[in-house]
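The values are calculated or read from the model by the stated rules, or taken from the named source; none is laboratory data. Just so we're clear, the structure is a prediction, and the values are computed from it rather than from any experiment. Note: accessible area is taken over every heavy atom of the protein model, side chains too, but ligands, DNA and RNA are not part of it. Shrake-Rupley method; radii C 1.70, N 1.55, O 1.52, S 1.80 Å.
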Amino acid sequence: MRVSVKSIAAKWLGVIWVLILGGCSTEPIEETVHQACGEGENWLSDTAFTELEANDSPWFYNQHAGERSFLFTSEAGTLTLQRISDEPWMILRQTVASDKFAGATVRFSAQLKGDVATQPRLHGFEHKAGLYFNIGQRRDPVMADHVPNSGEWEWQTISVSRVIPEGEHEVQVGFVHQGGGTLWVKEPELVITNCSSL
């Protein structure tokens, strides 16, 4: 049986082509880089608010001073923050640290619903409620600096993004309430949206 040179060459080319394709990754290089720096990963713990009262809860509550002035409860993954007394503000937050934050763009978001009264005036601070975001030990946090943050609104996704300076590895994120009435929260998320350029 005679086999032509063309037939042999075609078979070898087919084998080589299969080897080349088999050695290629089907996963984009860009996606691999993103996963390596944590992009897409939610860095928060207890996002359903089931551990609020636990001794080792990742959520930390503090308020201006005095007797407890805000009640927080959780049911079916929804956090309720309600004013019950006179102190002007409260913050419920988590501290999250990672070397991957330095130089990266980080986004904090949550579904928020509000019935946050601005009248009657209760204190000298702006009457508002919403997302809290601070970098390291800085003194310029985001304090519900978004719209809506007062009055009545139905569920909507609210988010804030910040570029974390090089050398900073820690953020504090959570919720601030310094109005009247109630803020509801669900599905909080802290993600890296753009990795460090280094």
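Taken along its three principal axes, the alpha carbon spread of the range 61-136 comes to 43, 31, 21 Å, from the longest extent down to the shortest.
In this view, the solvent-accessible surface of residue 126, computed with a 1.4 Å probe and all protein chains in place, comes to about 110 Å². Listed by chain and number, the aspartates and glutamates whose C-alpha is less than 17 Å from the C-alpha of residue 100, apart from same-chain residues fewer than 8 away, are 30, 31, 39, 41, 166, 168, 170, 189. Cα-based values for the range 91-135, radius of gyration first and Dmax second, are 15.0, 45 Å. Values of log10 I(q)/I(0) for the range 98-163 across q = 0.22, 0.26 Å⁻¹ run -0.96, -1.15, by the Debye formula with one identical scatterer at each alpha carbon and no solvent.
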